[in-house]
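**Q** Can you keep this structure in mind? I'll have questions shortly.
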Amino acid sequence: MGMNIQKEEQQREQALAREQQRQEEKQAKREALMNTTSYRVMDATAKYMDKYFLDPLLGLIPGGVGDVLTSALALPFIYFALVQVRSIPLTLAVICNVLKDALLGSIPFFIGDIIDVFNRSYVANLRLITGYVNDDKAVIHEVNRKATWSAIFIIILCVLIYYIVKWTIALGDWIISLF
């Protein structure tokens, strides 16, 4: 009987040691991810695009060029989620935020640019990525819940973006034909 208690105690201590080692490895991985150039680029991009309102200012560039440029500046977020973190649900959530920002920003007559002041997709993407890497249970739950809906929403957003761009081009041609 005494041998079983000692054996169980030894197994418990080994399990605790393995868990401690796993936690230390996980923390080291988090720190390594947060110290990458990609993460620093995302942090700076979020700061300039949303906190200093560069996103709506670039959106003022006519012909949709500004909106395409701001969407291209979201590529480090997609790269980090897909390649560094290696999470498909996180990548889908990030792409969904980027497409939503592109859709809202492409609404003509400066309405989209005004909306871009309040829609802070870069900060939202940085929050999702940081929370996911730091094992924030609420963020992980949000990302996992949104995974399926994000894929469907991405398809819908792509269709909507296509029609808004098509409508904007037709409207521009109509305005040019007036002159």
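**Q** Dividing the Cα convex hull volume of the range 102-178 by residue count, how many Å³ per residue is that?
**A** Convex hull volume per residue, Cα atoms: 82 Å³.
**Q** Report, in listed order, any pair from LYS47/LYS146; LYS51/LYS100; LYS146/LYS166 with a Cα-Cα distance greater than 22 Å.
**A** LYS47/LYS146; LYS146/LYS166
**Q** Taking the Cα atoms only, what angle lies between the long axis of helix 2-34 and the longest principal axis of the chain, rounded to 10 degrees?
**A** Compared with the principal axis, the helix lies near 30 degrees.
**Q** Also, quick follow-up: Could you please report the charge total around LEU160, scoring K, R as +1 and D, E as -1 over all other residues with beta-carbon less than 14 angstrom from its beta-carbon?
**A** 0
**Q** Then there is this: Which whole-number percent gives the relative contact order of the chain, counting Cα pairs below 8 Å spaced six or more residues apart?
**A** 22
**Q** Also, quick follow-up: Which net charge results when you count Lys and Arg as +1 and Asp and Glu as -1 among the other residues whose beta-carbon is under 14 Å from that of ALA32?
**A** Charge balance near ALA32 sits at +2.
**Q** At a Förster distance of 25 Å, what's the computed FRET efficiency of PHE109 paired with ILE155, Cβ-Cβ distance as r, to 0.05?
**A** For R0 = 25 Å, the calculated efficiency reads 0.40.
**Q** Ranked highest first by average number of other Cβ atoms within 10 Å, how do 92-98, 151-157, 168-174, 125-131 line up?
**A** Working: 92-98: 24.1, 151-157: 14.6, 168-174: 12.0, 125-131: 21.6.
Result, highest mean Cβ count within 10 Å first: 92-98, 125-131, 151-157, 168-174.
**Q** Separate question: Given the convex hull over the Cα atoms of the chain, what projected area results after averaging over all orientations, in nm²? Kindly include the intermediate steps, with their values, before the conclusion.
**A** Details: hull surface 50.9 nm².
So the mean shadow area of the Cα hull is 12.7 nm².
**Q** Any idea what angle helix 121-133 forms with the longest principal axis of the chain, computed on alpha-carbon atoms, 0 to 90 degrees, nearest 10?
**A** 10
**Q** A further question follows. I'd like to check one number: the per residue accessible area of the chain, probe 1.4 Å, reported in Å² as a whole number.
**A** Averaged over the residues of the chain, the accessible area is 63 Å².
**Q** What net charge is computed for the residues neighbouring ILE140, neighbours being all others with C-beta under 15 Å from the C-beta of ILE140, Lys and Arg scored +1, Asp and Glu -1?
**A** For residues surrounding ILE140, the net value is +4.
**Q** So, R0 is 22 Å and r is the distance between the beta-carbons of ARG40 and TYR79; what FRET efficiency does that work out to, to 0.05? Present the calculation step by step, with values, prior to reporting the outcome.
**A** Numbers: r = 13 Å, r/R0 = 0.59.
Rounded to the nearest 0.05, the efficiency is 0.95.
The values are calculated or read from the model by the stated rules, or taken from the named source; none is laboratory data. Everything numeric in this text was worked out from a predicted model, so none of it was measured. All Cβ positions, glycine included, derive from the backbone under ideal geometry; neighbour counts span all protein chains shown. What goes into the accessible areas is simple: the full protein's heavy atoms, side chains included, and nothing from ligands, DNA or RNA. Shrake-Rupley method; radii C 1.70, N 1.55, O 1.52, S 1.80 Å.
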